[in-house]
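Notes follow the structure.
The values are calculated or read from the model by the stated rules, or taken from the named source; none is laboratory data. Keep in mind that this is a model prediction, so the values were computed, not measured. Please note: Cβ atoms are built from the backbone with ideal geometry, for glycine as well, and neighbour counts cover all protein chains shown.
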Ligand code: CP3
């Protein structure tokens, strides 16, 4: 067996080891707060075309790593490539966000074919291979996908914002919603397995819209599908650790951490480290949870907030991260400052 000390720090923590200072990466670390990303982004007219260009996606991943000594790279892609590959129309409106032709506008939902979707996603796996070949050995590569419910809500409503319509659909058209989620579970499992085959060292499931669900619905549309997704991944031969990030799930993160089969829990901004520690299985790695707004403000406020996070997660295997994605208003200088603070320890 390989010397465990030679494993990237992020993977050691995912295996349950406490590493001091903790490894750090930042959700959405490639993106619009970097001037070089904004420049690169102009080379492709549509955001999806950008995602499907292995050369552009690889360059976007490498940009933050050239500036900051981060412990992980995350594939540059989007959770909405899955509906796109399933045949739903997906586009991005500048300054507003994603749009899809909403399933809720149709009587009969065309759900698409998982096998075909995976064929269409070939450029994503090519990007993973290229990224892997570019990384230093100590930097772990994270593959990702959206959680089944989060992707389903986009497909149902055609956009972000309030999720009331998607939630009503769970009651009004339960069989249709189950069928949709089943297609997403299968497609997402194959999508993640293909990323691992191409070189991803670990995986993250972004269940970004986990808030506002009563426990029975949370079980039905989040916990059970995620459990099936992870079981399916394991039957496909995937052994790498999986981080689940149920943003906004509040009191239900314990059920999520214990019942889905995830190996590490992403903790959002509003959740206390103590609560996560208490409800997660013993020894589970926790990832989080600095307020992304501190990276807009910088200075002492950033430093103070970062130290609070370091202290709060001191007794757990911890991966330092934000509690949600970095915003376009954050500055590269502030992120550089944060990495210095974290690498310096408490
Ligand atoms: O660096 C990384 O983290 C990897 C790349 C990544 C993107 N999206 C790139 C992106 C990842 C992991 C995602 C995940 C994603 N996409 C989520 C889950 C995480 C979260 O934020 O909750 C969600 C909900 C989406 C859907 C999505 N894609 C939205 C809501 C938006 C609009 C955001 C905005 O502020 O406009 C996108 C577009 C998107 N995805 C951008 C990037 C860099 C910006 C578009 C651009 O650069 O033109």
Where residue 267 falls short, out of the listed (1) modelled with pLDDT under 95; (2) under 25 Å from residue 196 (Cα atoms): (1)
Test of understanding: among 98, 64, which residue is near the ligand (Cβ under 9 Å from one of its atoms), surrounded by fewer than 22 Cβ atoms within 10 Å (Cβ to Cβ) and within 20 Å of the chain's Cα centre (by Cα)? 98
Look through 179, 169, 189 and report the one residue that is within 22 Å of the chain's Cα centre (by Cα) and part of a helix (DSSP H, G or I). 189
Just checking, how many residues over segment 304-324 are modelled with pLDDT of 95 or more and surrounded by fewer than 17 Cβ atoms within 10 Å (Cβ to Cβ)? 5
All-but-one check, residue 27 against (1) more than 13 Å from residue 139 (Cα to Cα); (2) more than 10 Å from the ligand (Cβ to nearest atom); (3) in contact (Cβ under 8 Å) with a residue 60 or more places away in the chain, failing number (2)
Has segment 105-128 got any residue that is in contact with a strand residue (DSSP E or B) (Cβ under 8 Å, 6 or more places away or on another chain) and farther than 14 Å from residue 188 by Cα? yes
When every residue in segment 255-272 that is surrounded by fewer than 21 Cβ atoms within 10 Å (Cβ to Cβ) and touching a strand residue (DSSP E or B) at 6+ places or on another chain (Cβ under 8 Å) is compared, the one nearest to residue 230 (Cα to Cα) is 261
Within segment 110-125, does at least one residue satisfy the condition of being within 13 Å of the ligand (Cβ to nearest atom), under 20 Å from residue 242 (Cα atoms) and touching a helix residue (DSSP H, G or I) at 6+ places or on another chain (Cβ under 7 Å)? yes
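Let's see how each residue does on (1) within 21 Å of residue 267 (Cβ to Cβ); (2) touching a strand residue (DSSP E or B) at 6+ places or on another chain (Cβ under 6 Å); (3) crowded, with 19+ Cβ neighbours inside 10 Å:
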| residue | (1), (2), (3) |
| --- | --- |
| 192 | no, yes, yes |
| 223 | yes, no, yes |
| 235 | no, no, no |
| 241 | yes, yes, yes |
Go through the residues of segment 126-135 one by one and say whether even a single one is assigned to a loop (DSSP other than H, G, I, E, B) and either at pLDDT below 95 or more than 16 Å from the ligand (Cβ to nearest atom) (or both). no
Pick from 43, 38, 32: which is surrounded by fewer than 14 Cβ atoms within 10 Å (Cβ to Cβ) and within 10 Å of the ligand (Cβ to nearest atom)? 38
Tell me, which residue of segment 192-204 that is in contact (Cβ under 8 Å) with a residue 60 or more places away in the chain and part of a helix (DSSP H, G or I) is farthest from residue 260 (Cα to Cα)? 198
Across (1) surrounded by 14 or more Cβ atoms within 10 Å (Cβ to Cβ); (2) within 16 Å of the ligand (Cβ to nearest atom); (3) not in a loop (DSSP other than H, G, I, E, B), residue 12 clears everything bar (2)
